[in-house]
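K.L.:
Can you read through this structure? Questions will come right after.
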Amino acid sequence: MNFNIKGGAALNGYKIQVGAITDSTSVDVDTNSKTITVNGNFVLRGAVTGREVESAINNKLNNLGLMGSVEYVRGNAVPIDRTYAHSDNANGGTSVQSLGSDGSVYYVNASNNLKSYDGMLKSLKIPEKVRIAGTSTDLQVKSYSISGTGIINATLSDGRVAALGQIAMASFRNPEGLTTVGDNIVTKSVNSGDPVIMSGTGTTGDDNSKGYGVCRQGYLEMSNVDLAEQFTDMIVTTKAFQASGKMISTGDDILTEIINLKR
């Protein structure tokens, strides 16, 4: 059977394995060892269907309050003996797809092979705490860092590093055609064309991320202002102001002298 896990990080590191041989299909989930055990009649061909396994797993995960779920199970169960069998570990997900309904940000192991499951832009929440999936444990965020691909990583209070999401980058056919709206913000225009958003990390489809730059943490963008020219203009303006003030003072002195002569 092939299992397709829905986008999200709640099932990161979990594996699916065959458990006890039983007449009916049931599922056990161990959040400590990150194991999903499927019990059923795997001895008789056709006794266990993909739909039954999918439904049993999702019901169990829902009862436990885990965010992840199985999108579909393809293939047919192959009869086996009672020896141990298990799947590979599930990896993937970014924190923008690991937000709970209550707004909690769930832990995503930054050392895993992260994957972006769709091309939809989502609001990125930078939390003070990260929750471990399947538990009520919240870990304090101590510091943040940004990788070259824009992945925002958070170092947690127990030393673990969580991936919080990925900064989106966009390119335009004609960047010079962007319209300035103030406060360092620009918007697209007819001249610039529509934005082309960089593919998320681990994209399995068309990946255009090679055509973009890299994110640099702790850098300041070089100013395009010529300091020598600006200082020269400032000095010229100051001298012009002083000269104008002197002319006014001289004119006032002349008028005063004329009034005194008349008296």
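Please treat every number below as a calculation from the coordinates, not as lab data. Quick caveat: nothing in here was measured; it's all calculated off a predicted structure. Here the Cβ positions follow ideal geometry from the backbone for every residue, glycine too, while neighbour counts run over all protein chains shown.
K.L.:
Scan around V186 for amide H atoms under 5 Å from its own, H built in the peptide plane at 1.01 Å from N, and keep only partners 5 or more places away or cross-chain.
P.N.:
For V186, whose amide H was placed from the backbone, the distant partners under 5 Å are V181.
K.L.:
How much net charge surrounds R173 when only the other residues with a Cβ under 13 Å from the Cβ of R173 are counted, with Lys and Arg +1 and Asp and Glu -1?
P.N.:
-1
K.L.:
Still on this structure: Give the cross-link partners of K122 among the lysines, using a straight C-alpha distance below 30 Å as the criterion and excluding same-chain residues fewer than 8 apart.
P.N.:
List returned: K6, K15, K34, K60, K142, K188, K210.
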